[in-house]
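Data first, discussion second: the structure below is written as structure tokens.
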Amino acid sequence: MPSRLPAVHVTTDGVDELDVDALVVPVFRGAIEAPGAEQALRALGLDEVPRDASFRGRLGEVLDLAAPGQPWGRVTLVGLGRMDELSPEQLRRAAGAAVRHLAPKCRTLATTLVLVRPGLETVRAVAEGALLGAYRYDDCRPERDPLRLDDLTLVVPSSLAEDAGRQLELARLHAEAQNIARDLVTTPPNLLGPADMAEQARALLPDAVEVEVWDEERLVEERCGGLLAVGRGSSRPPCLVQLRYRPESPVAKVALVGKGITFDTGGISLKRPSPIMEAMKGDMGGAGAVLAVFAALPELDVQVEVVGYLCLAENMIGGDAQRPSDVIRIRNGTTVEVMNTDAEGRLVLADGLSLAVEDDDVEAVVDVATLTGAVARALGKRAAGVFANDDDLLRQLLTAAESAGETLWHLPLWEELRDNLESEVADLENLGRGDEAGATMGGLFLREFVAERPWAHLDIAGPFWQDADRYHNPRHGTGFAVRTLLRWLELAGR
Ligand code: BES
Ligand code: MN
Ligand code: ZN
């Protein structure tokens with residue numbers, strides 16, 4: 001269960017009136033004081049940022065200063081980075097870094113971060129960063145002291161005080177949703193198999209979301225050959241979860257499809273042991289993000305009808321596991337020669353995408369998947385690749401990501417490479433001969449199952465997981481894509 005978020009509110013009081021465990025004030029790179037910092041430093045008897053410290057105001061750096069005799073237990077300087085790059089994301093990151101640092105030890109915080117760039121977008125970004133920074137995965141350590149932070153105050157100019165409330169609420173809903181995805185990705189795979197994911201959908205989603213689960217027997221009846229093939233090597237059967245959110249008078253209908261491999265050993269095409277094998281517990285990060293999005297839709301009052309497909313299986317090496325060279329049949333009738341059992345995500349997604357486009361009312365389909373190591377090699381760990389067969393949808397997603405502070409980078413679906421998916425014995429093979437452009441080959445394979453419906457594919461194999469703490473994200477499951485998708489649906493519903 002995601003931990004409870006701290007309360008957030010705004011005040012127009014001066015900093016000297018704030019009685020808190022820590023006052024967080026911003027400093028630009030080069031130790032240039034930003035709003036609130038000068039006043040706080042003067043109160044501590046300092047006329048500038050302490051010179052001896054290694055603190056220079058780089059984005060996310062923090063420095064705690066004792067504050068004897070002041071209303072604040074301490075003053076924490078937080079770096080904003082360069083002044084000329086100032087953006088809502090920079091403020092989100094600074095807030096996140098400060099709160100991640102302070103949440104274990106302080107119960108109450110206040111910050112002047114909003115004053116750096118006053119506006120409603122900033123209120124939202126700072127609240128989001130702060131709430132996201134107050135997260136830790138503690139499910140397997142029930143005896144550990146929980147994070148102490150339970151109250152956060154944002155100092156705002158009086159012009160924003162009235163309208164800030166809605167922004168705080170949006171920030172909370174987005175952060176809560178992202179935390180669900182973070183928890184699911186980080187949960188150990190012995191505790192989260194396909195059926196457990198389905199159970200989590202039932203447990204976590206509000207009543208306004210319909211949940212239907214197809215078990216293995218139903219998958220046979222429904223001819224979902226991709227899910228069945230990938231799930232065969234595991235003693236825990238695959239399943240498909242269908243989610244539906246319907247506002248009273250929807251302005252559009254879209255589908256979200258998530259890759260939900262609860263652990264990916266590679267199957268018989270076994271992965272070589274490597275430090276990334278442990279991260280394969282998060283190979284359900286796409287499905288986790290889709291599930292998490294549904295958690296927020298009703299309260300966000302999104303005006304779009306959304307259907308979701310969580311394609312859940314465990315890719316193991318049991319005696320009945322699929323073999324390289326097996327030919328399977330996907331829901332839409334396409335036969336696939338399985339050349340590499342480690343390219344399993346596209347097989348389960350093929351069933352999900354086929355189902356999504358069976359509904360003629362669905363105007364756009366977006367899938368989210370930790371699909372290829374290749375995308376992470378190309379783009380690194382900070383950005384996801386986005387592929388699309390529709391420019392409009394692509395633009396909408398890029399805009400949403402920009403506003404969420406998540407980086408999507410457009411990658412090509414080169415027609416020329418489509419030939420590499422041809423198989424001698426089946427309609428397609430799952431690997432793509434030629435061993436080039438791995439992320440594109442994944443996208444081209446998936447495109448075969450969307451019947452030319454507007455579609456986009458987010459390959460989140462880079463950013464779904466982090467080995468080190470960064471800004472508002474503590475290491476491990478990040479919940480990447482949740483806020484981008486929520487922004488997209490909010491904007492599409494206007
Ligand atoms: N889940 C992996 C991709 C992955 C790798 C995600 C690293 C996150 C971090 C996926 O199922 C996979 O194994 N892909 C193969 C595809 C190849 C066999 C065509 C890969 O990336 O090597
Ligand atoms: Mn794999
Ligand atoms: Zn995988």
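Check CYS106: other-chain or 5+ apart residues with amide H under 5 Å from its amide H, H built from backbone geometry?
When sequence neighbours closer than 5 places are left aside, the close amide H contacts are ARG148, LEU149.
Excluding ILE460 itself, calculate the net charge of residues whose Cβ lies under 10 Å from the Cβ of ILE460, where each Lys or Arg counts +1 and each Asp or Glu counts -1.
Result for the neighbourhood of ILE460: -1.
Once amide H atoms are built 1.01 Å from N in the peptide plane, which residues 5 or more positions from GLU61, or in another chain, come under 5 Å H to H?
Amide H to amide H, under 5 Å and 5 or more residues apart or across chains, GLU61 pairs with GLY79.
Give me a comma-separated list of calculated 3J(HN,Hα) values for region 346-363, in order, Karplus coefficients 6.51, -1.76, 1.60 applied at θ = phi - 60°, integers in Hz, x for any Gly or Pro.
These are the phi-based 3J(HN,Hα) values: 5, 6, 6, 5, 4, 5, x, 5, 4, 5, 4, 8, 5, 8, 5, 7, 6, 8 Hz.
If packing is taken as the average count of other Cβ atoms within 10 Å, what order do 317-323, 473-479 fall into, highest mean first?
473-479, 317-323
For the peptides 208-215, 347-354, 16-23, what is the packing order when you average, over each peptide's residues, the other Cβ atoms within 10 Å and list the highest mean first?
Those peptides, ordered most packed to least, come out 347-354, 16-23, 208-215.
Count the net charge of all other residues whose Cβ sits under 12 Å from the Cβ of LEU91, scoring Lys and Arg as +1 and Asp and Glu as -1.
0
Dividing the convex hull volume of the Cα atoms of region 179-286 by its residue count, what figure in Å³ per residue is obtained? Can you show the working numbers first?
On the way: hull volume 14.0 nm³, N = 108.
Output value, Cα hull per residue: 129 Å³.
Once you put a point 7 Å from the Cα of ASP163 and another 7 Å from the Cα of GLU199, both along the Cβ direction, what distance in nm separates them?
Label at ASP163, label at GLU199, 4.6 nm between them.
Please list the non-local residues whose amide H lies under 5 Å from the amide H of ALA383, H modeled 1.01 Å from N, same-chain partners needing a gap of 5 or more.
Those qualifying (amide H under 5 Å, at least 5 residues apart or on another chain) number zero.
Quick check on packing: order 273-286, 437-450 by the mean number of other C-beta atoms within 10 Å, highest mean leading.
The peptides rank, most packed first, as 437-450, 273-286.
Based on alpha-carbon atoms only, what is the radius of gyration of region 100-228 relative to the globular estimate 2.2 N^0.38 Å?
Details: Rg = 19.8 Å, N = 129, 2.2 N^0.38 = 13.9 Å.
So the Cα radius of gyration is 1.42 times the expected 2.2 N^0.38 Å.
Can you sort PHE480, PHE294 by how many other beta carbons sit within 10 Å, fewest first? It would help to have the intermediate numbers written out before the result.
Details: PHE480 32, PHE294 26.
Ranked by crowding around the Cβ, least crowded first: PHE294, PHE480.
Neighbouring Cβ atoms within 10 Å as the yardstick, rank ILE328, ILE261, ILE32 fewest first.
ILE32, ILE328, ILE261
If you take the Cα atoms of region 274-369, find Rg, then find the Kirkwood Rh from the mean of 1/r over all pairs, what is Rg/Rh? Before the final figure, lay out the partial values.
Numbers: Rg = 15.9 Å, Rh = 15.5 Å.
Computed over Cα atoms, the ratio is 1.03.
Using a cut-off of under 13 Å, list every residue of region 14-54 whose amide N is near the label point 7 Å from the Cα of ARG107 along the Cα-to-beta-carbon line.
20-22
Please state the relative contact order of the chain as a whole percent: Cα pairs under 8 Å, 6+ residues apart?
15 percent
Read phi for every residue in region 179-185 and hand back ³J(HN,Hα) as whole Hz from Karplus 6.51 cos²θ - 1.76 cosθ + 1.60, θ = phi - 60°, with x for Gly and Pro.
Computed from phi, the couplings for region 179-185 are 5, 4, 5, 4, 4, 5, 5 Hz.
Would you calculate a helix-derived [θ] at 222 nm for the chain, using -39,500 (n - 2.57) for each DSSP H run of n ≥ 4 and dividing by the full residue count, to the nearest 500? Mind showing how you got there, number by number?
Working: 14 runs with 159 residues, N = 494.
Counting only the DSSP helices, I get -10000 deg cm²/dmol.
Can you compute 3J(HN,Hα) from phi for each residue in region 12-25, using the Karplus curve 6.51 cos²θ - 1.76 cosθ + 1.60 with θ = phi - 60°, rounded to whole Hz and x for Gly and Pro?
3J(HN,Hα) across region 12-25, in whole Hz: 10, 5, x, 5, 5, 8, 9, 9, 9, 5, 8, 9, 9, 10.
Please list, by residue number, every one of the trypsin sites (Lys or Arg not before Pro) in region 116-211 that is coil in DSSP and has at most 12 other beta-carbon atoms within 10 Å. Display every interim value, and only then the final one.
Details: sites: ARG124, ARG136, ARG144, ARG148, ARG166, ARG172, ARG182, ARG202; in loops: ARG136, ARG144, ARG148.
In loop regions of region 116-211 (DSSP not H, G, I, E or B), the sparsely surrounded trypsin sites (Lys or Arg not before Pro) are ARG144.
Principal axis extents for region 7-162, Cα atoms only, whole Å, descending order, please.
That gives 44, 35, 29 Å along the principal axes, largest extent first.
Dipole of region 42-110 (Lys/Arg Cβ +1, Asp/Glu Cβ -1, origin at the Cα centre): which of PRO50, ALA98, LEU77 lies farthest to the positive side?
Of the listed residues, the answer is ALA98.
Suppose every Lys and Arg Cβ carries +1 and every Asp and Glu Cβ carries -1, with no other charges. What dipole size does the chain come out with about its Cα centre, to the nearest 20 debye?
1460 debye
Where does the chain land on the Kirkwood hydrodynamic radius, alpha-carbon pairs, in angstrom?
One over the average 1/r among Cα pairs gives 23.3 Å for the chain.
What ranking do TRP465, TRP488, TRP414 get, fewest neighbouring Cβ atoms within 10 angstrom at the top?
Values: TRP465 25, TRP488 28, TRP414 14.
Final ranking by Cβ density, sparse to dense: TRP414, TRP465, TRP488.
Taking the Cβ of THR112 as the centre, find all other residues whose Cβ is under 13 Å away and add up their charges (Lys, Arg: +1; Asp, Glu: -1).
-4
Read the figures in this text as sums done on the coordinates, not as results from a lab. Source: prediction; values computed, not measured. Because the Cβ atoms are built from the backbone with ideal geometry, glycine has one as well, and the counts that use them run over all protein chains shown.
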